[in-house]
Amino acid sequence: MSTSAAADGVQEHGGVDPATPVDADSDPTPYGTPGRPFDRRSPFFYGFVGGLGALTAFLLFKSLTAISSVLMLVVVAFFLAAGLNPAVEALERRGLRRSFAVTVVLVIAFVALGLFLVAIVPVITDQVTAITKNAPAWLDELQRNKQIQDLNREYDVIDKAKAYIEDGDFLSGLFGGVLGVGLKVISALFNLFVIIVLTLYFLASLKTTTGAIYKLAPASRRERVSKLGDKVIANIGGYVSGAFIVALCAGLSSLVFLWFTDIREYAVALAFVVALLDVIPMIGATIGAVIVSAIAFATDVKTGIACVIFYVVYQQIENYVIYPRVMSKSVDLPGAVIVIAALVGAGLLGVVGALLAIPVAAAVLLILREVVVKQQDLR
């Protein structure tokens with residue numbers, strides 16, 4: 001064997017030629033001679049590493065599933081912070097420091113919420129109570145309709161609904177008894193508190209948080225990642241603010257219209273229901289219109305017809321005038337994408353998923369257009 005070949009053999013086997021006897025007194029390390037490296041081409045190595053990877057993925061999935069409710073609170077708080085962020089930035093442009101701007105926006109939001117609770121909630125409570133008391137009489141009116149009578153005779157729908165409404169404990173039964181109602185209320189209040197605290201933190205440190213995330217990107221792409229991320233957050237904030245404005249328009253217009261009808265005594269409660277449901281994309285406004293129209297028909301046929309005509313006309317105005325104008329600067333999505341995103345979001349996460357689906361879809365399309373498509377154009 002040549003000198004160079006012998007040297008190569010020594011390097012390959014950890015610095016010691018396996019063909020040469022090793023003296024214990026001449027070990028290169030105090031812990032003995034290193035052995036040969038593990039053969040990474042071995043089927044056992046691939047199986048072991050693959051099994052560890054699958055186990056890690058499974059444990060990660062189980063952990064995410066276990067904290068899914070916490071993650072949902074975090075996502076909702078982030079979306080609320082993004083929705084309030086445009087107001088904070090507007091105050092910053094007027095010379096206020098971000099801490100003061102955040103304080104001003106939060107104070108205004110809490111004052112508005114407090115005024116709403118003090119002024120509107122008692123009225124809504126009284127009107128909901130009145131609706132509950134009058135619902136059996138409305139069901140009696142519906143029973144006079146021949147088709148309704150046939151359905152009731154076959155499926156006993158009206159009688160079951162009347163018994164359900166007249167039962168004073170139906171809310172308790174719905175939540176599993178008085179204890180269940182108390183636990184649900186406590187859980188809802190705790191979740192609300194967590195969302196408020198997280199929204200405060202996100203809003204106060206939004207730039208710091210996003211800046212830290214952007215630093216995870218390579219330096220050569222950090223500027224582009226920052227711009228895309230800021231655009232996504234701006235889209236989310238614009239959508240949240242726009243959805244609130246659209247729902248407010250629906251509620252106020254319903255309040256004005258219902259005030260001049262025979263169901264004016266329920267106008268505030270019904271307008272609140274319409275505004276609340278209008279936040280849900282695509283189907284929320286229709287559900288609110290159906291509820292109001294059904295109550296109107298049970299009260300007076302002419303009022304019911306007027307409600308149907310009003311909501312048909314208003315939804316056309318909302319879909320083709322109000323919504324495009326409000327959302328034009330935040331989300332620009334085809335109608336089919338909006339419908340698909342809302343359905344997928346509702347199927348995955350319910351109402352919250354439907355609310356978050358449209359800005360998420362807009363963010364995904366922005367990334368696809370600016371990253372994936374542009375990379376394909378360079379090839």
Is there any pair with a first residue in the range 83-94 that is free of Cβ contacts under 8 Å to residues at least 24 places away in the same chain and a second that is surrounded by fewer than 16 Cβ atoms within 10 Å (Cβ to Cβ) whose Cβ atoms are under 8 Å apart and which are 6 or more apart or on different chains, and what are they?
Leu91/Phe100; Leu91/Val104
With the requirement that a residue be exposed (fewer than 15 other Cβ atoms within 10 Å of the Cβ) and without any contact (Cβ under 8 Å) to a residue 24 or more places away in the chain, what does the range 225-257 give you?
Lys227, Asp230, Leu252, Val256
Those residues of the range 260-290 which are over 19 Å from Ala346 (Cα atoms) and of a type in the set (Asp, Glu), in sequence order:
Asp262, Glu265
Given (1) at pLDDT 85 or above; (2) surrounded by fewer than 19 Cβ atoms within 10 Å (Cβ to Cβ), where does Arg369 come up short, assuming only one miss?
(1)
Which of (1) at pLDDT below 85; (2) within 29 Å of Val372 (Cα to Cα); (3) not in a helix (DSSP H, G or I) does Ala219 not meet, given it meets every other one?
(1)
Selection from the range 98-121 of residues surrounded by 11 or more Cβ atoms within 10 Å (Cβ to Cβ) and at pLDDT 80 or above yields Arg98, Phe100, Ala101, Val102, Thr103, Val104, Val105, Leu106, Ile108, Ala109, Phe110
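The values are calculated or read from the model by the stated rules, or taken from the named source; none is laboratory data. Everything numeric here is computed off the predicted structure, so don't read it as measured data. Here the Cβ is made from the backbone with ideal geometry for all residues, glycine too, and neighbour counts use every protein chain on show.
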